[in-house]
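Below is one structure; the comments refer to it alone.
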Amino acid sequence: MIAAQYFRYGPPEVVEIKDIPIPAIKPDDVLIKVHATTVNRTDCGFRSAEYFVSRFWSGLLRPRLKTLGCEFAGEITQVGSAVTNYEVGESVFGYNDKTFGAHAEYLAMPANGAMATIPAGMTFAEAAPLTEGSHYALCDIHAAKIVAGQNVLVYGATGAIGSAAVQLLKAMDVRVTAVCGTKHVGTIQALGADEVIDYLQQDYSQTTQRFDLVFDAVGKTSFGKCKPILKPNGRYVSTELGKNGQNIWFALFAPILGNKKVLFPIPTITPEDVAFLKKLAESGKFKPLIDRHYPLTAIVEAYRFVETGQKIGNVVITVA
């Protein structure tokens, strides 16, 4: 099978298309013929090792796992002898940031992992981006203990995480103010945002609204700037470390910061989370934004585009 592999950390050009053996499966695994995957911030972060801490998972000096790709959608072609919850021929989607491997024609996946059958009527390309941005958003929303009727600002609403956050929050009956650029205002309004602030025309930090949560989905603002627009017990959460890793330190020392606090939860995803996202997709309350598609053989170009920071939603890779 062909796979996109990397053997050293660095820019997109370190990724090469290789011909490698189809992975063998264990008794509790399934083998998936991958039809679609994505290139996302998780893949980029592990490939570049820009944050050195990622090497504690991927390998200190060089990558331990050569094939990236955490999101996938495809068809089960083989099941292990101990598998009872899936059958050959079922179409599935899911997320695997433990062993990755979706940037290839075949993927071995634990049958009890973060995976579910594809919602009826969805294509592989539509199902592939259901989990990455959304599970980051879901984790942060849960950490902030947001409930119906509260008021949330989502900064960076056009990315995979931000666009998912807008939809997940609206599914919870939360009032959402989204921040994005001029040409994407209509797109974010269509996702259900109650108000959209065009940051090219208005400084969101000068709004008279006060928020229970400010969710920085792109890591381009700060607790200091957002603190004045938080309610007395408001929370700030970011998907990035912040300048000099400040968001981690703010989160660690939250008890001495007063009532307004920074959260920095460690993202996790479970089969139950995937089932929840599937249910939202089936009900029409969540549909990942897709910017563009690339074939697996053009994955370097896909990485380059993702790292421009200009993508809207997700970049899908067609494999099979």
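The values are calculated or read from the model by the stated rules, or taken from the named source; none is laboratory data. Please read these numbers as outputs of a predicted model, since none were measured by experiment. With ideal geometry, Cβ positions are generated from the backbone for all residues, glycine too; neighbour counts draw on all protein chains shown. Side chains are part of the model used for accessible areas, which takes the heavy atoms of the whole protein and leaves out ligands, DNA and RNA. Shrake-Rupley method; radii C 1.70, N 1.55, O 1.52, S 1.80 Å.
Pick out, from segment 58-144, the strands (runs of 3 or more DSSP E) lying fully within it that include 3 or more residues that are buried (at least 21 other Cβ atoms within 10 Å of the Cβ) and either under 19 Å from the mean Cα position of the chain (by Cα) or in contact (Cβ under 8 Å) with a residue 12 or more places away in the chain (or both). Full working, then the answer.
Values: elements: 71-79, 91-95, 106-110, 115-117.
Once the strands (runs of 3 or more DSSP E) in segment 58-144 are filtered for at least 3 residues that are buried (at least 21 other Cβ atoms within 10 Å of the Cβ) and either under 19 Å from the mean Cα position of the chain (by Cα) or in contact (Cβ under 8 Å) with a residue 12 or more places away in the chain (or both), what remains is 71-79, 91-95, 106-110.
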Considering each of Phe215, Phe223, Phe250 in turn, give the residue that is within 25 Å of Thr308 (Cα to Cα), at pLDDT below 90 and not small (Gly, Ala, Ser).
Phe223
Filter segment 189-231 for residues that are among the hydrophobic types (A, V, I, L, M, F, W, C), touching a residue at least 24 places away in the same chain (Cβ under 8 Å) and assigned to a loop (DSSP other than H, G, I, E, B); which is farthest from Pro288 (Cα to Cα)?
Val218
Among the residues of segment 149-164, are any over 24 Å from Ser283 (Cα atoms) and at pLDDT below 95?
no
So in segment 258-278, with the set limited to residues that are modelled with pLDDT under 85 and loosely packed, with under 14 Cβ neighbours inside 10 Å, which one is farthest from the chain's Cα centre (by Cα)?
Gly258
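Suppose the filter is without any contact (Cβ under 8 Å) to a residue 12 or more places away in the chain, outside any helix (DSSP H, G or I) and open to solvent by 50 Å² or more (accessible area, probe 1.4 Å); does Gly149 pass it? Working first, answer last.
Numbers: without any contact (Cβ under 8 Å) to a residue 12 or more places away in the chain: no; outside any helix (DSSP H, G or I): yes; open to solvent by 50 Å² or more (accessible area, probe 1.4 Å): yes.
When the stated conditions are applied, Gly149 does not pass them.
Inspect segment 17-29 for any residue being open to solvent by less than 10 Å² (accessible area, probe 1.4 Å) and either aliphatic (A, V, I, L, M) or without any contact (Cβ under 8 Å) to a residue 24 or more places away in the chain (or both) and give the result as yes or no.
Kept after step one, since they are open to solvent by less than 10 Å² (accessible area, probe 1.4 Å), are these residues of segment 17-29: none.
No: zero hits.
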